[in-house]
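Engineer: First the structure, then my questions, so here it is.
The values are calculated or read from the model by the stated rules, or taken from the named source; none is laboratory data. Given the structure is predicted, the values throughout are model-derived calculations rather than measurements. Here the Cβ positions follow ideal geometry from the backbone for every residue, glycine too, while neighbour counts run over all protein chains shown. Side chains are part of the model used for accessible areas, which takes the heavy atoms of the whole protein and leaves out ligands, DNA and RNA. Shrake-Rupley method; radii C 1.70, N 1.55, O 1.52, S 1.80 Å.
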Amino acid sequence: MMVFRGGFFLAGMVLSGCVSVTDTQHLIAEDWRYATDPHGSRAVFEGGLVTNGQVDIGFLRVPRLDKANNSWVELIYDIPTRSLGGYESVTVTYQSDRALIIKLSQKDYGRQGDKSYAHYQVTLPKADKKTTHTVMLSDFSRPDWTPKWSTGKGMIKAHINALYFVPSLTDKDGGKAQLSISALTLNKK
């Protein structure tokens, strides 16, 4: 059972056959962070990253410098149990002026694994107002740019320790994006 940390009221709810337990009032600040490249990309927000129970963040991504120096911007949710084992879907309420990519951080493909960073991901549409989407974990797939040498080990939910929320900005052009997340639920069967 997934229990989010914090002193708020915890409630179990049944939604379309999924049972989930979550903090229904606020996101918990200690579960959220962001990352940007060392080449000049930035995150912009006022106060703390989580304010009034939600994340409101802007990103400025510089274009890719060269073949060896990529740029990136990421809003990161660290799963308190460090595992998606037993979960079937993710429900997120968000607003974003760009399409929103959700990446699954799986140690088999990252710094601790083959270093390809060829995670599993899904893309949600741009949302001009708060929108809620539920995505099955089975809908996530590896990106087209996955190197041929990165051997697919499959999605191993027990090895997934974080969700990365990335506004769709291109390597070539970089750009600006504004993102807000006001609710996140990990759903069991």
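Engineer: Of the residues in region 142-180, how many are hydroxyl-bearing (Ser, Thr, Tyr), open to solvent by 60 Å² or more (accessible area, probe 1.4 Å) and at pLDDT 85 or above? Reasoning before the result, please.
Structural biologist: We begin by selecting, within region 142-180, every residue hydroxyl-bearing (Ser, Thr, Tyr); these are 146, 150-151, 164, 168, 170, 180.
Of the ones still in play, those that are also open to solvent by 60 Å² or more (accessible area, probe 1.4 Å) are 151, 170.
Then keep just the ones that are at pLDDT 85 or above; that gives 170.
Adding up the residues that qualify gives 1.
Engineer: Would it be correct to say that ASP23 is open to solvent by less than 70 Å² (accessible area, probe 1.4 Å), of a type in the set (Asp, Glu) and modelled with pLDDT of 95 or more? Show your work before the answer.
Structural biologist: Working: open to solvent by less than 70 Å² (accessible area, probe 1.4 Å): yes; of a type in the set (Asp, Glu): yes; modelled with pLDDT of 95 or more: no.
So ASP23 fails the test.
Engineer: How about region 101-123: which of its residues are surrounded by fewer than 20 Cβ atoms within 10 Å (Cβ to Cβ), at pLDDT 95 or above and either closer than 15 Å to SER138 by Cβ or touching a helix residue (DSSP H, G or I) at 6+ places or on another chain (Cβ under 6 Å) (or both)?
Structural biologist: Result: VAL122, single match.
Engineer: Just to be sure I understand the filter: pairs with C-beta atoms under 8 Å, separated by 6 or more residues or on different chains, first member in region 128-140 and under 19 Å from ASN161 (Cα atoms) and without any contact (Cβ under 8 Å) to a residue 60 or more places away in the chain, second member among the aliphatic types (A, V, I, L, M) and open to solvent by 40 Å² or more (accessible area, probe 1.4 Å). Which pairs pass?
Structural biologist: Listed by first residue and then by second, the contacts come to LEU137/MET155; PHE140/MET155.
Engineer: Working carefully through the options ARG98, ARG82, ARG5, ARG64, find the one that is at pLDDT 95 or above and either of a type in the set (S, T, N, Q) or not in a strand (DSSP E or B) (or both).
Structural biologist: On the way: ARG82 fails: at pLDDT 95 or above; ARG5 fails: at pLDDT 95 or above; ARG64 fails: at pLDDT 95 or above.
Every option except ARG98 fails the conditions.
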